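A short write-up of the structure that comes next.
The values are calculated or read from the model by the stated rules, or taken from the named source; none is laboratory data. A quick note: this is a predicted structure, and the numbers were derived from the prediction, not measured. Ideal geometry is used to build each Cβ from the backbone, glycine not excepted, and the neighbour counts take in all protein chains shown.
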Amino acid sequence: DVVMEVLARAKALGLQAVGFFDDETVTLEMGDRVSELHLRYYEPAARLLREAELRDALRARGMRKVVVLADPERVARVLVPEWTGAPFLKGASLMRAVEDALEVVPGGWCKRRALEALMGRWRLAPEDLVAVGDGGNDLDMIRGAGVGVAMGNAVPEVKAAATAVVADNDSGGVAEAIQRFVLEREI
């Protein structure tokens with residue numbers, strides 16, 4: 001199973017990892033980085049599970065993603081090069097929303113695909129969409145929307161792809177984007 005393999009490899013490297021179900025986060029090992037995920041990114045506090053409990057949970061429901069936490073340089077210079085296309089991932093994709101984490105998600109998953117599904121359901125065209133993002137995992141969504149808006153704290157690639165840049169997450173950037181590009185239709 002990909003999830004258990006990712007968790008085992010993270011542990012072997014001395015790294016912490018968190019699994020995301022739809023309604024909760026879980027980990028096999030608590031640590032500072034796991035706690036920080038809750039405090040810094042407002043993710044649900046991770047619940048500590050034993051390996052057997054996690055296997056049972058995985059049989060009962062699918063995991064949305066596994067996030068491996070490490071310092072940014074280790075993610076960029078070790079994890080990304082070594083894990084990109086690695087056979088143990090069995091087609092799962094790697095994403096980076098923030099510099100200190102590597103996300104392992106089901107193959108082909110991306111925010112743009114989710115938007116395309118919604119567009120089909122609601123009969124919308126890409127030019128009808130306003131997408132707001134800040135991380136590398138938002139890049140395809142920003143590029144695929146009629147108006148792609150980068151938060152002020154966005155990674156450089158997202159800012160470069162965006163139609164506009166608004167204030168950062170802590171300064172009302174999402175509200176600014178809604179005001180300007182949805183309510184006032186600035187662009």
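Conditions (1) under 13 Å from the mean Cα position of the chain (by Cα); (2) surrounded by fewer than 17 Cβ atoms within 10 Å (Cβ to Cβ), marked per residue:
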{"position": "L115", "(1), (2)": "no, no"}
{"position": "L118", "(1), (2)": "no, yes"}
{"position": "R123", "(1), (2)": "no, yes"}
{"position": "E127", "(1), (2)": "no, yes"}
{"position": "V132", "(1), (2)": "no, no"}
{"position": "L139", "(1), (2)": "yes, no"}
{"position": "G148", "(1), (2)": "no, no"}
{"position": "N153", "(1), (2)": "no, yes"}
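Taken over the stretch 21-46, the criterion of being closer than 16 Å to E99 by Cα and not in a helix (DSSP H, G or I) is satisfied by no residue. So is G144 outside the structural domain of G14 (by TED's automatic domain parsing) and under 19 Å from the mean Cα position of the chain (by Cα) or not? For G144, the condition - outside the structural domain of G14 (by TED's automatic domain parsing) and under 19 Å from the mean Cα position of the chain (by Cα) - is met. Tell me which residues, restricted to the stretch 147-159, are closer than 17 Å to A97 by Cβ and aliphatic (A, V, I, L, M). Listed by number, the residues that qualify are V149, A150, M151, A154, V155, V158. Comparison of A86, A160 shows that the only residue that is free of Cβ contacts under 8 Å to residues at least 12 places away in the same chain, surrounded by fewer than 17 Cβ atoms within 10 Å (Cβ to Cβ) and under 30 Å from E5 (Cα atoms) is A86. Residues in the stretch 1-31 that are within 17 Å of R74 (Cα to Cα), among the small types (G, A, S) and under 19 Å from the mean Cα position of the chain (by Cα): A10, A17.
Here E103 meets the list (1) out of contact with any Leu (no Cβ under 9 Å at 6 or more places or on another chain); (2) over 24 Å from G173 (Cα atoms); (3) surrounded by 19 or more Cβ atoms within 10 Å (Cβ to Cβ) almost entirely, failing just condition (1). Taking the condition assigned to a loop (DSSP other than H, G, I, E, B), out of contact with any strand residue (DSSP E or B) (no Cβ under 9 Å at 6 or more places or on another chain) and among the aliphatic types (A, V, I, L, M), does L124 pass? For L124, the condition - assigned to a loop (DSSP other than H, G, I, E, B), out of contact with any strand residue (DSSP E or B) (no Cβ under 9 Å at 6 or more places or on another chain) and among the aliphatic types (A, V, I, L, M) - is met.
Looking at the stretch 140-148, can you tell me whether even one residue there is in a loop (DSSP other than H, G, I, E, B) and more than 30 Å from M4 (Cα to Cα)? Yes, because at least one residue in the stretch 140-148 is in a loop (DSSP other than H, G, I, E, B) and more than 30 Å from M4 (Cα to Cα).
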